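Participant: Please see the structure below; I have some questions.
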Amino acid sequence: MTSLDDLVDRMPDVGPAATEPDAWQREDRAARILWSGLLEPGDRLGGALIRARGAAEAWRLVEGLPSADVLAAEADIGRNEAKAAIERWAPRLGSRTAEEALERAERHRVAVVVPGDDDWPAALDDLGDHAPPCLWVRGGRGWSAGLDPSVAIVGARAATSYGEHVAGEIAAGLAGAGIVVVSGAAYGIDGAAHRAALASGGTTLAFLAGGCDRAYPSGHTDLLERIAASGAVVSEVPCGAAPTKWRFLQRNRLIAAATYATVVVEAGVRSGSLNTAGHAASLGRPIGAVPGPVTSAASAGTHRLLREFDAVCVTGVDDVRELIGLDPGNGTAAPSPEAAGRIRVLDALSDRVPRRVEDVAARSGMSGADVRAHLGTLMLEGAAEPVADRWRRVR
């Protein structure tokens with residue numbers, strides 16, 4: 001088992017000298033890393049203890065595995081709740097999760113961000129007792145500043161071509177105007193939003209349900225590398241942690257809390273994207289929903305949001321700008337000609353049926369020479385790939 005004192009010794013200095021505030025910061029950071037390995041995302045009691053006593057003092061209380069009566073008295077909760085907490089924390093208290101996670105973080109250039117750091121997204125504090133103790137981040141410094149402003153674009157994994165097209169159009173328009181696009185890096189709508197934001201020369205962030213040192217889904221390994229290169233890949237669970245169904249659902253609260261608004265492009269009646277919208281609603285964040293064909297099961301969830309949850313009908317980027325309090329079309333910086341060309345070529349490609357350059361030129365309204373030039377760039381970005389004498393969009 002890794003003790004708090006042992007882990008503190010591994011923490012780098014956070015100030016110019018070993019003054020008392022710096023020592024406290026090192027201890028707080030070490031304790032939050034330990035809590036990150038102990039708690040499942042969204043554990044309310046763990047969050048309440050950290051908020052009430054501070055991360056280090058709260059850790060010293062629980063690492064000795066107190067009795068239910070002691071924890072109940074110290075945390076001012078019922079004995080049954082304290083007993084349940086001890087039972088779920090006990091199996092992990094003897095693990096080396098934190099130490100192993102730090103070793104993996106060093107290898108994969110992953111930073112630990114805690115409240116008080118310049119890169120801590122202050123909007124996550126709105127989660128209260130459900131806020132994460134720390135974040136594990138792969139990307140450049142200053143990434144959280146891009147969240148002002150930002151929009152979450154989420155939706156079905158089994159997206160239709162209509163859904164992916166709309167998600168791409170909205171993401172490209174937002175990113176081209178300097179608004180950060182946030183999503184979960186899944187197949188379908190998430191991937192379409194990330195790729196379009198990158199193709200437009202904008203910034204996009206991905207919140208993962210597993211450790212940010214491991215690509216999930218594996219088919220998005222290259223996409224996650226590109227996101228980390230210009231934005232950030234973020235997780236609240238330590239490096240090495242596997243994504244689980246529960247962690248996906250809890251990850252959604254971070255996407256909702258970190259952004260100005262959540263836009264659901266396509267969602268079935270049981271889609272996890274509705275869970276993200278629910279978190280946004282509970283935090284008082286606006287919700288947008290894209291209408292789809294009434295015959296499409298992939299749009300049944302978005303129609304429910306429009307019908308029952310006061311979601312705003314979104315048909316394009318101007319609707320989203322209005323949703324987050326910006327005047328539609330006012331001050332929107334258009335993508336550069338190069339970025340605009342890439343977006344048009346990407347829109348003209350299919351991820352299922354490879355198309356000839358001539359076909360892409362006809363669909364995009366561009367010359368064959370321009371299409372070839374943009375296809376080369378898109379290939380380097382991992383957004384398109386050649387198939388014999390044709391081209392296909394990469395999901």
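The values are calculated or read from the model by the stated rules, or taken from the named source; none is laboratory data. Worth saying up front: this structure is predicted, and the values here are computed from it rather than measured. Positions of Cβ are backbone-derived with ideal geometry, glycine not excepted, and every protein chain shown enters the neighbour counts. Just so you know, the surface numbers come from the protein's heavy atoms only, side chains and all, with ligands and any DNA or RNA stripped out. Shrake-Rupley method; radii C 1.70, N 1.55, O 1.52, S 1.80 Å.
Participant: How long are the semi-axes of the ellipsoid equivalent to the stretch 251-395, from square roots of 5 times the Cα gyration tensor eigenvalues, in whole Å, largest first?
Facilitator: Value: 34, 19, 14 Å, ordered largest first.
Participant: Okay, next question. Taking each pair of distinct Cα atoms in the stretch 125-267 once, what is the resulting Kirkwood hydrodynamic radius in Å?
Facilitator: 14.7
Participant: Under the Karplus relation 6.51 cos²θ - 1.76 cosθ + 1.60, θ = phi - 60°, what is the ordered set of whole-Hz ³J(HN,Hα) values for the stretch 241-258, x standing for Gly and Pro?
Facilitator: So the Karplus estimates, Gly and Pro as x, are 6, 8, x, 10, 4, 4, 5, 4, 5, 6, 4, 4, 5, 5, 4, 5, 6, 6 Hz.
Participant: Can you pull the percent of the chain's accessible area that's carbon plus sulfur, 1.4 Å probe, other chains left in place?
Facilitator: Its accessible area is 51 percent carbon and sulfur atoms.
Participant: For the stretch 74-80, just list the computed ³J(HN,Hα) in residue order, Karplus coefficients 6.51, -1.76 and 1.60, θ = phi - 60°, integers in Hz, with x standing in for Gly and Pro.
Facilitator: Karplus values, whole Hz, x for Gly and Pro: 5, 9, 6, 10, x, 5, 5.
Participant: Net charge near Arg226, counting Lys/Arg +1 and Asp/Glu -1 over other residues with Cβ under 11 Å of its Cβ?
Facilitator: -2
Participant: Here is a further query. With r as the distance between the Cβ atoms of Ser218 and Asp389 and R0 = 25 Å, compute the FRET efficiency 1/(1 + (r/R0)^6) and round to 0.05.
Facilitator: 0.30
Participant: Applying a 10 Å radius around every beta-carbon, put 384-393, 254-263 in order of their mean neighbour count, most first.
Facilitator: Those peptides, ordered most packed to least, come out 254-263, 384-393.
Participant: In addition: If Lys and Arg each add +1 and Asp and Glu each add -1, what is the summed charge of the other residues whose beta carbon sits under 14 Å from the beta carbon of Asp310?
Facilitator: +2
Participant: What residue among Cys239, Cys313, Cys212 shows peak mean-square fluctuation when the chain is described by a Gaussian network model with Cα springs under 10 Å?
Facilitator: Looking only at Cys239, Cys313, Cys212, the biggest GNM fluctuation is shown by Cys313.
Participant: Hey, what does the equivalent ellipsoid look like for the stretch 214-273, semi-axes from the Cα gyration tensor as sqrt of 5 times each eigenvalue, largest first, whole Å?
Facilitator: 20, 15, 13
Participant: Any idea of the accessible area per residue across the stretch 69-222, 1.4 Å probe, to the nearest Å²?
Facilitator: Accessible area per residue: 39 Å².
Participant: Note down, for the stretch 135-191, the three equivalent ellipsoid semi-axes (square root of 5 times each alpha carbon gyration tensor eigenvalue), biggest first, whole angstrom.
Facilitator: For the stretch 135-191, the semi-axes come out at 22, 15, 7 Å.
Participant: First select every other residue whose beta carbon is under 12 angstrom from the beta carbon of Trp391; then total the charges, Lys and Arg +1, Asp and Glu -1.
Facilitator: So the surrounding residues net to +2.
Participant: Rounded to the nearest 0.05, what FRET efficiency do His165 and Ala122 have when you use their Cβ-Cβ distance and R0 = 35 Å?
Facilitator: 0.55
Participant: Roughly what % of DSSP beta bridges within the stretch 254-395 run antiparallel, to the nearest 5?
Facilitator: So the antiparallel bridges amount to about 50 percent of the total.
Participant: Treating the angle as unsigned and between 0 and 90°, give the value, to the nearest 10°, between the Cα long axis of helix 44-53 and the longest Cα principal axis of the chain.
Facilitator: Tilt of helix 44-53: around 60 degrees.
Participant: If you don't mind, there's one more thing I want to ask. Please work out how much length the chain gains when fully extended from Ala23 to Met379, using 0.36 nm per residue of separation minus the C-alpha to C-alpha distance, in nm with one decimal.
Facilitator: 123.3 nm
Participant: Kindly provide the pair-distance distribution of the chain built from C-alpha pairs, with 10 Å bins from 0 and whole-percent values in order of increasing distance.
Facilitator: The percentages, shortest bin first, are 5, 23, 29, 23, 13, 6, 2, 0.
Participant: Grab the DSSP H runs of the chain that are 4 residues or longer, score each as -39,500 (n - 2.57), total them, divide by all residues and round the 222 nm result to the nearest 500 deg cm²/dmol.
Facilitator: Mean residue ellipticity, 222 nm, calculated: -14500 deg cm²/dmol.
Participant: Restricting to the chain, compute how many DSSP beta bridges are antiparallel as a %, nearest 5.
Facilitator: Beta bridges within the chain, antiparallel portion: roughly 40 percent.
Participant: Angle, helix 272-282 long axis vs. longest principal axis of the chain, Cα atoms, 0 to 90°, nearest 10?
Facilitator: Once rounded, the angle reads 60 degrees.
Participant: Quickly work out the Glu322-to-Ala369 label distance, labels modelled 7 Å from Cα along the C-beta direction, and quote it in nm with one decimal.
Facilitator: About 4.2 nm separates the two model spin labels.
Participant: A follow-up question, please. Order the peptides 340-347, 123-130 from the highest to the lowest mean number of other Cβ atoms within 10 Å of their residues.
Facilitator: In descending order of packing, they fall as 340-347, 123-130.
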